[in-house]
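The values are calculated or read from the model by the stated rules, or taken from the named source; none is laboratory data. This is a predicted model, so every value here is computed, not measured. Cβ coordinates were reconstructed from backbone atoms using ideal geometry, including for glycine residues, and neighbour counts include every protein chain displayed.
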Amino acid sequence: TGKKGHLVFAVNGQRFELFTVDPSMTLLEFLRTQTPFKSVKLGCGEGGCGACTVLLSKYDPLLDQVEDFTASSCLTLLCSINGCSITTTEGLGNSKVGFHSIHKSAEKTDRPEPSPGYSKLTVTEAEKAIAGNLCRCTGYRPIADACKSFASDVDMEDL
Ligand code: FES
């Protein structure tokens, strides 16, 4: 395959500038092979499991605002992300810079007792919010509980 193009984008705040781009390379391949951000995984490779999901942020000149949306990096061509800011789970925080509220919610749901304020989001709503993300290792209940806790504990205006 030929190589061409010039891309500028950011991953977790780190700037990348590429002067040659393989037009067939996916964002997932790039992240896994050329960055330290390995949290994205190759699951199905077809947009069905969510293991490769990233947050894509891009300025929309028509709306004059930054639009955020999730994307399956296995289906996103690297050459299509010029000007985008990409966030993987590493970009949400860690032990060195501090954890994101969703990490803290996930940690809390490892405990047997529910956290206070559980009534704001139902299990059904939490499951709906994480639809499209398949999990083979931990089961869905702790994940749904973490989503419920996160929604209950966090002021969404602060995110
Ligand atoms: Fe399954 Fe991308 S690897 S959605």
(request) Return yes when Ala126 is modelled with pLDDT of 75 or more and touching a Lys or Arg at 6+ places or on another chain (Cβ under 6 Å) and no when it is not. (result) no
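Here is a list: Glu67, Glu29. Which entry is part of a strand (DSSP E or B), acidic (Asp, Glu), over 14 Å from the mean Cα position of the chain (by Cα) and not assigned by TED's automatic domain parsing to the domain that holds Tyr140? Walk me through how you get there before you give the answer.
Working: Glu29 fails: part of a strand (DSSP E or B).
Within the list Glu67, Glu29, the selection yields Glu67.
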(message) Can you find a residue that is more than 9 Å from the ligand (Cβ to nearest atom), at pLDDT below 95, among the aromatic types (Phe, Trp, Tyr) and under 24 Å from Gly5 (Cα atoms) anywhere in region 86-101?
(response) no
(message) Quick test of your reading of the structure: Cys79 fulfils all but one of (1) within 22 Å of Gly132 (Cα to Cα); (2) surrounded by 13 or more Cβ atoms within 10 Å (Cβ to Cβ). Name the failing condition by number.
(response) (1)
(request) Identify all residues within region 69-80 that are within 17 Å of Gly91 (Cβ to Cβ) and more than 10 Å from the ligand (Cβ to nearest atom); write none if there are none. (result) Phe69, Thr70
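Kindly indicate whether Thr89 is among the hydroxyl-bearing types (Ser, Thr, Tyr), in contact (Cβ under 8 Å) with a residue 40 or more places away in the chain and surrounded by 14 or more Cβ atoms within 10 Å (Cβ to Cβ). Give the derivation first.
On the way: among the hydroxyl-bearing types (Ser, Thr, Tyr): yes; in contact (Cβ under 8 Å) with a residue 40 or more places away in the chain: yes; surrounded by 14 or more Cβ atoms within 10 Å (Cβ to Cβ): yes.
Considered against the rule, which asks whether it is among the hydroxyl-bearing types (Ser, Thr, Tyr), in contact (Cβ under 8 Å) with a residue 40 or more places away in the chain and surrounded by 14 or more Cβ atoms within 10 Å (Cβ to Cβ), Thr89 comes out as yes.
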(request) Give the residue that is modelled with the lowest pLDDT, with candidates limited to residues of region 36-68 that are away from the ligand (no atom under 16 Å from the Cβ) and under 24 Å from Gly132 (Cβ atoms). (result) Asp60
(message) Being outside the structural domain of Leu134 (by TED's automatic domain parsing), part of a strand (DSSP E or B) and either touching a Gly at 6+ places or on another chain (Cβ under 8 Å) or surrounded by fewer than 17 Cβ atoms within 10 Å (Cβ to Cβ) (or both): is that true of Lys58 here?
(response) yes
